[in-house]
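Beneath this line is the structure, given in structure tokens, with notes to follow.
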Amino acid sequence: MIKRMIMFLVLVGAVLAGVFGFKIFDDGQVKAFMASKGNLPQTVSTTKAARSDWQPKLQAVGSLRASNGADLSLQLGGIVEEINFQSGDRVEKGQPLLRLRSDDDIAKPKALEAQLELARGRASRSARCSPCSSCRPSTSCSPRMIPRRA
């Protein structure tokens with residue numbers, strides 16, 4: 001058992017020595033090649049300095065991006081129906097920028113009114129009807145079925 005372990009450690013050591021030895025050899029070869037090349041000649045160009053007029057303006061095509069912008073947020077949620085500005089427009093203080101869809105705002109009060117009427121109807125039925133053995137808690141009695149007890 002110990003003999004196998006020693007053979008395994010010698011084998012692993014030989015493999016590691018081979019890998020690191022090759023790396024050291026390769027680095028030496030690269031250094032030798034670079035040393036033989038020397039420095040390549042540098043290209044230098046010159047021109048004679050002369051006086052010239054500057055152009056007062058230069059026409060070019062490009063794009064601009066604003067450094068100051070604004071993120072819009074609404075106090076109420078909803079679906080945007082209309083946008084009253086274009087990108088890059090100047091806007092005045094108080095100018096409406098967006099208009100939300102108003103269908104939801106009109107429908108909500110009507111739905112609440114319908115719920116109110118339903119609740120009033122249930123309350124009036126429960127005031128006229130006394131609980132009986134045939135009624136379940138989730139249903140209400142008809143006023144004709146059970147007279148009110150005094």
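None of the figures in this text is laboratory data; all of them are computed from the coordinates on show. Just so it is clear, the model here is predicted, and its values are computed rather than measured. Every residue, glycine among them, receives a Cβ derived from its backbone with ideal geometry; neighbour counts consider all protein chains shown.
For the stretch 63-99, give me each residue that is assigned to a loop (DSSP other than H, G, I, E, B), exposed (fewer than 11 other Cβ atoms within 10 Å of the Cβ) and over 23 Å from the mean Cα position of the chain (by Cα).
Within the stretch 63-99, SER63, LEU64, GLN86, GLY88, ASP89, ARG90, GLU92, LYS93, GLY94, GLN95, PRO96 qualify.
LEU9 is checked against (1) exposed (fewer than 10 other Cβ atoms within 10 Å of the Cβ); (2) over 53 Å from the mean Cα position of the chain (by Cα); (3) hydrophobic (A, V, I, L, M, F, W, C) and fails just one. What number does that condition carry?
Condition not satisfied by LEU9: (1).
Tell me whether the stretch 100-116 contains one or more residues that are assigned to a loop (DSSP other than H, G, I, E, B) and in contact with a Leu (Cβ under 7 Å, 6 or more places away or on another chain).
The answer is no, given that none of the residues of the stretch 100-116 is assigned to a loop (DSSP other than H, G, I, E, B) and in contact with a Leu (Cβ under 7 Å, 6 or more places away or on another chain).
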